[in-house]
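The numbers here are math on the coordinates, done by the rules we state, and not lab data. Quantities reported herein were computed from a predicted structural model and do not represent experimental measurements. Cβ placement follows ideal geometry from the backbone for every residue including glycine, while neighbour counts extend to all protein chains displayed.
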Amino acid sequence: QVQLRQSGPGLVKPSQTLSLTCAISGDSVSDNRAAWNWIRQSPSRGLEWLGRTYYRSKWYNDYAVSVKSRITINPDTSKNQFSLQLNSVTPEDTAVYYCARDDRAFTSTSCFDYWGQGTLVTVSS
Amino acid sequence: DIQMTQSPSSLSASLGDRVTITCRASQSISTYLNWYQQKPGKAPKLLIYAASTLQTGVPSRFSGSGSGTDFTLTISSLQPEDFATYYCQQCYSTPQTFGQGTKVEI
């Protein structure tokens, strides 16, 4: 059974960096079929895909244009986890952040089949 | 980006009702369409992928159909645990995008 367990602070000051980690059990971050995603949800923006990391003989990342200049997603194979860093946050980045697995990335059956529990991150001084 | 538009935004229904939710894509996405259910304070749960394939463990009262730009999610007989918000999501191109949600209320 795959489980994704998120960790990280729930309060970040404006202009600082939001950092979250997603620990994986029951699968490997190096799985060459899967992609590992970060998605956020807010009342104003709804569900918004932020980016992903995946391994296909080497590591790749894709990011949403809306955050591309501020986001980094990194895999950590030693701990079987992946992380999100979002720089220069503003109150508009306040949202619930989720990690999610896409087990069949880049196929016709691509979908987010397992999700983390969600982390409410508030950007406020 | 591909825009996903759901209708209605909310609906009221009774136990045992047949419920249909529509999702329209701003361009053709073949059958690269997934449906999720979300309850308050919880992460979305995958119900249907590839437009019509039921995820393992999801009750058979849920079904999906459609291709191209128009898709539907149907609940054949609404149960108490089905009161939730439902989202469609396209995985045809990056960025994957979601509909705005349909809240199913009593």
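Kindly provide the set of residues from region B:17-34 that are of a type outside the set (D, E, K, R), more than 9 Å from chain A (Cβ to nearest Cβ) and assigned to a strand (DSSP E or B), ordered by number.
Within region B:17-34, the first condition is being of a type outside the set (D, E, K, R), and the residues that meet it are B:19-23, B:25-34.
Next cut, more than 9 Å from chain A (Cβ to nearest Cβ) only: B:19-23, B:25-29, B:33.
Answer for region B:17-34, where residues must be of a type outside the set (D, E, K, R), more than 9 Å from chain A (Cβ to nearest Cβ) and assigned to a strand (DSSP E or B): B:VAL19, B:THR20, B:ILE21, B:THR22, B:CYS23, B:ALA25, B:LEU33.
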message: Just the residues that are surrounded by 15 or more Cβ atoms within 10 Å (Cβ to Cβ) and either part of a loop (DSSP other than H, G, I, E, B) or of a type in the set (Phe, Trp, Tyr) (or both), please, taken from region B:2-16.
response: B:ILE2, B:ALA13
statement: Out of (1) within 30 Å of A:GLN3 (Cα to Cα); (2) within 12 Å of chain A (Cβ to nearest Cβ), the one B:PHE83 does not meet is (2)
query: Inside region B:21-34, can you point out the residues that are polar (S, T, N, Q) and either closer than 17 Å to B:TYR49 by Cα or surrounded by 14 or more Cβ atoms within 10 Å (Cβ to Cβ) (or both)?
result: B:THR22, B:SER28, B:SER30, B:THR31, B:ASN34
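If you scan region A:65-88, which residues turn out to be touching a residue at least 40 places away in the same chain (Cβ under 8 Å) and part of a strand (DSSP E or B)? Give the steps one after another, and end with the answer.
At the first step, the residues of region A:65-88 found to be touching a residue at least 40 places away in the same chain (Cβ under 8 Å) are A:75-77, A:79-88.
Residues satisfying the conditions are A:PRO75, A:ASP76, A:GLN81, A:PHE82, A:SER83, A:LEU84, A:GLN85, A:LEU86.
Name the residues in region A:75-103 that are among the charged types (D, E, K, R), under 14 Å from the mean Cα position of the chain (by Cα) and within 11 Å of another protein chain (Cβ to nearest Cβ), would you?
At the first step, the residues of region A:75-103 found to be among the charged types (D, E, K, R) are A:76, A:79, A:92-93, A:101-103.
Now restrict to residues that are under 14 Å from the mean Cα position of the chain (by Cα): A:76, A:93, A:101-102.
Of everything in region A:75-103, those that are among the charged types (D, E, K, R), under 14 Å from the mean Cα position of the chain (by Cα) and within 11 Å of another protein chain (Cβ to nearest Cβ) turn out to be A:ARG101, A:ASP102.
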- line: Pairing a residue in region A:89-103 that is touching a residue at least 24 places away in the same chain (Cβ under 8 Å) with any residue that is hydroxyl-bearing (Ser, Thr, Tyr), where Cβ atoms lie under 6 Å and the two sit 6 or more apart in sequence or on different chains, gives A:THR94/A:THR122; A:ALA95/A:SER42; A:TYR97/A:THR119; A:ARG101/A:TYR114; A:ASP102/A:SER110
message: Return the pair list, or none, for Cβ contacts closer than 7 Å from residues in region A:13-39 that are in contact (Cβ under 8 Å) with a residue 12 or more places away in the chain to residues that are of a type in the set (Asp, Glu), at least 6 apart or on different chains.
response: A:LEU18/A:ASP93; A:ARG33/A:ASP103; A:ALA34/A:ASP27; A:ALA34/A:ASP102; A:ALA34/A:ASP103; A:ALA35/A:ASP102; A:ASN37/A:ASP102; A:ILE39/A:GLU48
field: Residues that are more than 14 Å from chain A (Cβ to nearest Cβ) and in a loop (DSSP other than H, G, I, E, B), drawn from region B:38-67
entry: B:PRO59, B:SER60, B:ARG61
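Are any residues in region A:66-88 surrounded by fewer than 13 Cβ atoms within 10 Å (Cβ to Cβ) and closer than 26 Å to A:VAL2 by Cα, and if so, which ones? First the steps, then the outcome.
Of all residues in region A:66-88, those surrounded by fewer than 13 Cβ atoms within 10 Å (Cβ to Cβ) come to A:68-69, A:77-79, A:88.
Result: A:THR77, A:SER78, A:LYS79.
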message: Checking A:ARG70 against (1) touching a strand residue (DSSP E or B) at 6+ places or on another chain (Cβ under 9 Å); (2) more than 23 Å from B:THR94 (Cα to Cα): exactly one of these is not met. Which one?
response: (2)
statement: Being more than 27 Å from A:LEU11 (Cβ to Cβ), in contact (Cβ under 8 Å) with a residue 60 or more places away in the chain, in contact with a strand residue (DSSP E or B) (Cβ under 9 Å, 6 or more places away or on another chain) and within 14 Å of another protein chain (Cβ to nearest Cβ) narrows A:PHE106, A:PHE112 down to just A:PHE106
task: Output the number of residues of region A:93-125 satisfying the condition of being among the polar types (S, T, N, Q) and over 23 Å from A:VAL2 (Cβ atoms).
output: 4
